[in-house]
Amino acid sequence: MTTTSEPARPRTSTPAAEHRTRFFDHRIPSLYAGRYLIDNRQTLKDLGGADRVIDATPQPFDVVQPRFSFDPTGINAQFPVPDAVGTYSQTLTHINLDAPGLPWNRPLGPGQPGAVPWMALLLFREDELPGDPDAVGLVEAGTVRELLNGAHGAGKPPALPPESLRPDEYDEQCATLLVPAALFDAVKPLPAEMGYLAHLREGGRPDATLAGDDPEPDEGELNAVLVANRFPAATGGRHVAHLVSLEGHDQYLTTPAPAEGVRLVSLTSWSFTTEPDSGVGFGDLAQHLATTDGKAARPADELRLRVPVQAPADPSAPQAEALDRMRAGAVALPQRLESGERTLAFYRGPLTAQPAQELPDPCAGPEGRLDSAGEALIYLERYGVFDTAYAAAFTTGRTLALADAEFRTALLEFRSAARSAARRLASHPDLASRAATALTARQLTAPLAYEAFDRLLTASTSAGDGAGGRGGKARLIQALDQAGPQLRAGRRRTAGRTRRTAGDVRAVLAQPGVAGLLTQAADAEFAKVTGWLNALRRLEMLGLSHLVPDSRALPTESIRFAYVDPAWVRAAVDGALSVGVGHALDADLNALATGGGAVPKCAVFLNSSLVPNWPNTIVTAYAGADVVEPVRDAVFGTETRLLLFPEVIDRFELAEPPRGLCFGIGDVGTIELRAIAGDRIGHPMGEFPQPAGFARFLRPGGQDVLNVDGAGDALLPALSQAHGEPRISSAQFALQMINAPQAQTFSRP
């Protein structure tokens, strides 16, 4: 099966029910949370003199929003989920809040733009936080008054104007953590970056797009999302994420932190464990299957199930013959003939690298079936060697049948019942004439004497037992009256049957309707036989060595495509049915079991660590635009997966298991650019950056902190340039950073 490969990219297939997901930059309130005073002044105009000013009593009021803590039930989602264990070194941690305006409901500090949230998600590793060396989420608890007075411990507390605090806020409980100065300076986001690490997300109804070209956000579907600016460690270990308030610390976001460190309010926290990253992920492995160097697609010949051979420039006739067979998937093996001679033979299993040649009927005997392995041997007289593929198939099927006692028993019992039924039909022409219409399986298997007696009891004419005719009762009385004298006289009444030959019995099978009726003579056993043979047609009985006789045809970390040879499978079926054949009638009855399920048309073999490490990998095959479901999906050992399809496929796709909407980079060090304008917003535009490698967008210092918009090679300007925009928005930035499951597609030319 000739294939070409395409570079890995995220899946873009359209689901059956389209759900809209939209991103918005921010939600700035018309009135920030805080304390306010309404001054009311009236001026009375005096027609003849000076105006009179009346000042009303000032009216204070508060806009109350969470500040030092919030209800944890307001958390919609966290990724990685709390206490998760997995490989997350390429994922940016994020939190999803039910309250869409919470990150922007108060200003970060004087002079800061309204689009900058007052909170941020910070990620810490083991042995970084003095109060939580194990990164399990330990915090210091106390009141806000104690925090502001320095009673929570070391670290600069937030500098909050006293007039901004309500009296009752001093007694609120809060959780805090100490972040050393060097660590804070290494991981802190710049104010300009904070606006790009927070956005609004809307997940709409399937028909949400019907509301108009640019419908208003669905308030019930809006959530605020905050994303960390740091990747978990590739070496693994526990990590803790803290959603912190940076209010009162904004001055340290652009200047060095105080030497004693900073004491941050933790609004919520959770921990997870990331496993060591080997540097080889789903995308790396999938891309290696399809490409030679990450870019150039593997030649089609490398994706066929066959042993690679180096052909001479000008092969001789014998060499050309051998090369043709090996290109089709055969391997050369030593053979010992029945005469004791040693020679060389070609062998292959049911899977071929090229469509198998259709065999003529004579090679399978006069009835189109094989009766022995010798009939299936192909002798290449010119070169003095054999092609043993079909002979080996026959022997394989026979061996499997002999090894399965349940199948053998069912096969022999079916034949026995079918033989008896066929003989009865041959001996009783009246039954044979009814075979295609009213005859039932019970009439073929029940004793004839019982059947005749039942008819004698129940038979009657339309006139009943009266003068118009004799019913069953009258005939029974007459038979009983005459039986005694006839027996004493030595007379016996025969049924008038004529003896039938084996040829007559075999001829009955050719009558319309008889074949189907004979399968009902032992329907339970026949079902077992056909079920077993259908499993053989799906290659379920065969080991990996039968399917891939030479491991060089399926090396480690490879994918191979193949055709299924129906003649090989038919030879194996004939071999299985050859067990216990005593005469020609048994061979004829075997034909009743050969019309089972269809033989698969093609196969895909995957020998890769993708199999054990990503057991939920999504595989999708297409014939044209139609999805083709596999008839078999099996795993051999731990790393080899076989898929069989009922028709030859045009396209095959391996897709990473879905993991929800998260942010980060792919295994090959890129992200997928997505359209930010027009009617195809979100559709893939290619991988970024080129050449691959996201390390250029990390801050120096080895802390794996993303340089969103700082000095040096920053990600935001590079993305803006890639889209031809002066500066993309925070919603557009979030769209680019979605770490969608990766996919690899293989296409047949």
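The values are calculated or read from the model by the stated rules, or taken from the named source; none is laboratory data. Since we're looking at a predicted model, the values are computed, not measured. Every residue, glycine as well, gets a Cβ built from its backbone with ideal geometry; the counts of neighbours run over all protein chains shown.
Below, the figures for the structure above:
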| item | result |
| --- | --- |
| Qualifying residues in the range 269-321 (those that are buried (at least 17 other Cβ atoms within 10 Å of the Cβ) and β-branched (Val, Ile, Thr)) - the one farthest from residue 89 (Cα to Cα) | 307 |
| Residues that are touching a strand residue (DSSP E or B) at 6+ places or on another chain (Cβ under 7 Å) and either more than 20 Å from residue 120 (Cα to Cα) or not hydroxyl-bearing (Ser, Thr, Tyr) (or both), drawn from the range 68-80 | 68, 70, 72, 74, 75, 76, 77, 78, 79, 80 |
| Residue within the range 730-749 that is of a type in the set (A, V, I, L, M, F, W, C), over 27 Å from residue 22 (Cα atoms), buried (at least 16 other Cβ atoms within 10 Å of the Cβ) and not assigned by TED's automatic domain parsing to the domain that holds residue 548 present | yes |
| Which numbered condition residue 399 misses (of (1) part of a strand (DSSP E or B); (2) within 13 Å of residue 576 (Cβ to Cβ)) | (1) |
| Residues located in the range 300-353, provided they are among the acidic types (Asp, Glu) and modelled with pLDDT under 85 | 321, 338, 341 |
| Residue match in the range 70-79 (condition: of a type in the set (Val, Ile, Thr), surrounded by 15 or more Cβ atoms within 10 Å (Cβ to Cβ) and in a loop (DSSP other than H, G, I, E, B)) | no |
| Candidates 686, 712, 666, filtered to the one that is touching a residue at least 12 places away in the same chain (Cβ under 8 Å), part of a loop (DSSP other than H, G, I, E, B) and touching a strand residue (DSSP E or B) at 6+ places or on another chain (Cβ under 6 Å) | 666 |
| Candidates 106, 67 - the one that is assigned to a loop (DSSP other than H, G, I, E, B) and either without any contact (Cβ under 8 Å) to a residue 12 or more places away in the chain or out of contact with any Phe, Trp or Tyr (no Cβ under 6 Å at 6 or more places or on another chain) (or both) | 67 |
| Filtered residue count, the range 715-732, keeping only those that are in contact with an Asp or Glu (Cβ under 9 Å, 6 or more places away or on another chain), in a helix (DSSP H, G or I) and touching a residue at least 12 places away in the same chain (Cβ under 8 Å) | 6 |
| Boolean, residue 575 is over 14 Å from the mean Cα position of the chain (by Cα) and either part of a loop (DSSP other than H, G, I, E, B) or assigned by TED's automatic domain parsing to the domain that holds residue 200 (or both) | no |
| Hey, residue 345 free of Cβ contacts under 8 Å to residues at least 60 places away in the same chain, buried (at least 19 other Cβ atoms within 10 Å of the Cβ) and either in the same structural domain as residue 556 (by TED's automatic domain parsing) or out of contact with any helix residue (DSSP H, G or I) (no Cβ under 7 Å at 6 or more places or on another chain) (or both) or not | yes |
| In the range 581-616, the residues that are surrounded by 19 or more Cβ atoms within 10 Å (Cβ to Cβ), part of a loop (DSSP other than H, G, I, E, B) and not basic (Lys, Arg) | 599, 600, 608 |
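Residues are listed down the side, and each one gets a yes or a no for (1) modelled with pLDDT under 90; (2) over 16 Å from residue 124 (Cβ atoms); (3) in contact with a Cys (Cβ under 8 Å, 6 or more places away or on another chain); (4) assigned to a helix (DSSP H, G or I):
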| position | (1), (2), (3), (4) |
| --- | --- |
| 184 | no, no, no, yes |
| 196 | no, yes, no, no |
| 233 | no, no, no, no |
| 241 | no, no, no, no |
| 256 | no, yes, no, no |
